[in-house]
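We did not get these values from a lab; they are worked out from the coordinates using the rules stated. Keep in mind that what you see is a predicted model, and the values were worked out from it rather than measured. All Cβ positions, glycine included, derive from the backbone under ideal geometry; neighbour counts span all protein chains shown.
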């Protein structure tokens, strides 16, 4: 009993530290850019309490450009990590993730297609329509993977099939972007590679509502998810509705991935790597711990990856997927080769 209490205190402390780390990271990333500011200057701008003319000139950059981007990067990183965790539980495979299984690519394809149709008719795609199109594309890709899973019994082959689906969707999207003549569609190029630039406050607000609702619902699903991770037989024995749980895992993993892809394009490897890091830190598979830790850790990791993407080679900006791939793939390979899975508690 005392061991369980000590573990609970340890997990609560870890979540508090990660929350504080996220708060610190938000301020740090807001201060970094072509014009560097101190924490106090950033705080003054956020509070609207600045008399300095230079700070007044920077306020629009911080409030209208950096703040939506930083908040979006944190939200999207958390969403991708949580989506990856749900997919790894669903498929019982550490390599499952929205990017690897082609779910992000399917969402990207449908957003691009819907946008082209609307622009050709003189309409503009709203934020809600972007999410809806991405969600539909995510579900379609997920459906194809699930159909393949009925025929393919080896998870490694299923993962390869998911990668192939992702390549097909990305190839079609690239063709659409390459041969597009409209300037707005041509600007899809950066988005199709994965980028948080151009996020508006409205985009971030809608994303925050959808992501936080999904987070809360998934958190309430912790007990059945944990039972499911211990095996279907055990889950059934404790009264878990397996079919309903599977549907919910699909819906929420697809929704989380879709929200990110709708506004930022496909961001690679966050959904695979961060749950591994969360398991390394917590040494547990309990969803009640893994869900908040994965979300917070994903937010912090993605924040710094985006800051590197926009600042390391300034004024040139690279795609955030390039940074996440270079930074996170070696971590995934190391952890897989290390062969130390988290213990069930």
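Here are the numbers for this structure:
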{"quantity": "Extension gain from residue 329 to residue 151, taking 0.36 nm per residue of separation minus the Cα-Cα distance", "calculated": "61.2 nm"}
{"quantity": "For region 86-242: relative contact order, % (alpha-carbon pairs under 8 angstrom, 6 or more apart)", "calculated": "25 percent"}
{"quantity": "Highest-fluctuation residue, 284, 307, 233 considered, GNM on the chain with Cα pairs under 10 Å", "calculated": "233"}
{"quantity": "Rel. contact order, % - alpha carbon contacts under 8 angstrom, at least six apart, the chain", "calculated": "29 percent"}
{"quantity": "Distance (nanometres) between label positions extended 7 Å along Cα→Cβ at residue 117 and residue 212", "calculated": "3.2 nm"}
{"quantity": "Global form of region 203-345, assessed from the alpha-carbon gyration tensor, a/c cut-off 1.5", "calculated": "oblate"}
{"quantity": "Separation of alpha-carbon centers, region 197-248 and region 253-297, rounded to whole Å", "calculated": "12 Å"}
{"quantity": "Rounded, prolate or oblate (a/c below 1.5 giving rounded, otherwise prolate when a/b exceeds b/c) for region 1-152 by Cα gyration tensor", "calculated": "oblate"}
{"quantity": "Rounded if a/c under 1.5, otherwise prolate or oblate - the chain, Cα gyration tensor axes", "calculated": "oblate"}
{"quantity": "The chain - mean residue ellipticity at 222 nm from DSSP helices (-39,500 (n - 2.57) per run, n ≥ 4, rounded to 500)", "calculated": "-25500 deg cm²/dmol"}
{"quantity": "Gaussian network model of the chain, Cα within-10 Å springs - most flexible of 59, 19, 237", "calculated": "237"}
{"quantity": "Extension gain from residue 230 to residue 313, taking 0.36 nm per residue of separation minus the Cα-Cα distance", "calculated": "25.3 nm"}
{"quantity": "Sorted by Cβ density within 10 Å, fewest first, the residues 99, 11, 167", "calculated": "167, 11, 99"}
{"quantity": "Within a Gaussian network of the chain (alpha carbon springs, distance under 10 Å), most fluctuating of 175, 199, 139", "calculated": "175"}
{"quantity": "Spin-label pair residue 288/residue 13, simplified geometry with 7 Å Cα→Cβ offset, distance in nm", "calculated": "1.9 nm"}
